[in-house]
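Heads up: the structure comes next, in structure tokens.
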Amino acid sequence: MTDLINHPPHYATIQPGFTAECIEYTRHMAFAQGNAMKYLYRAGSKGDVAEDLAKCSWYLRDALDHGLYARVHGTPRIDPNITHKSMAGHLILTGRLREALAGIERIGDRINEYRGEA
């Protein structure tokens, strides 16, 4: 039986390039930085992928606007060479939010173009 409280599948399923559940990364982050990671991590696993990427972008901009982010130490590793998602996760983890935001917005734009929503 799926444990939707302690280990919901959209956060507990280890994503390609990541080495741990989402909480193992976000518990070490400021709120907006952690929420950006959360929406990135679950993108494609719960709900609409473009919507989750847009939410991730919103939280990245908020963290940048308020200066509430930092390079995070002591978390499991993310291999940036596996997927675009793991690259963005690595950038968020290392405090390189502007680079992560640019990449995530490019991916979101491509999804919307493909869907004819751009």
Among residues of region 75-100 being of a type in the set (S, T, N, Q) and assigned to a loop (DSSP other than H, G, I, E, B), the residue surrounded by the fewest Cβ atoms within 10 Å (Cβ to Cβ) is Asn81
Got a sec? Which helices (runs of 4 or more DSSP H) wholly within region 1-73 have at least 1 residues that are surrounded by fewer than 21 Cβ atoms within 10 Å (Cβ to Cβ) and among the small types (Gly, Ala, Ser)?
9-12, 31-42, 49-66
Among the residues of region 43-59, count how many are at pLDDT 95 or above and basic (Lys, Arg).
1
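For (1) more than 21 Å from Arg106 (Cβ to Cβ); (2) modelled with pLDDT under 95, each residue gets a yes or a no:
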{"position": "Glu21", "(1), (2)": "yes, yes"}
{"position": "Phe31", "(1), (2)": "yes, no"}
{"position": "Gly34", "(1), (2)": "yes, no"}
{"position": "Met37", "(1), (2)": "no, no"}
{"position": "Arg61", "(1), (2)": "no, no"}
{"position": "Ala70", "(1), (2)": "yes, yes"}
{"position": "Pro76", "(1), (2)": "yes, yes"}
Check whether at least one residue in region 68-80 is under 17 Å from Ala100 (Cα atoms), touching a residue at least 60 places away in the same chain (Cβ under 8 Å) and more than 13 Å from the chain's Cα centre (by Cα), and report yes or no.
yes
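The values are calculated or read from the model by the stated rules, or taken from the named source; none is laboratory data. None of these values were measured; they are calculated from a predicted model. Please note: Cβ atoms are built from the backbone with ideal geometry, for glycine as well, and neighbour counts cover all protein chains shown.
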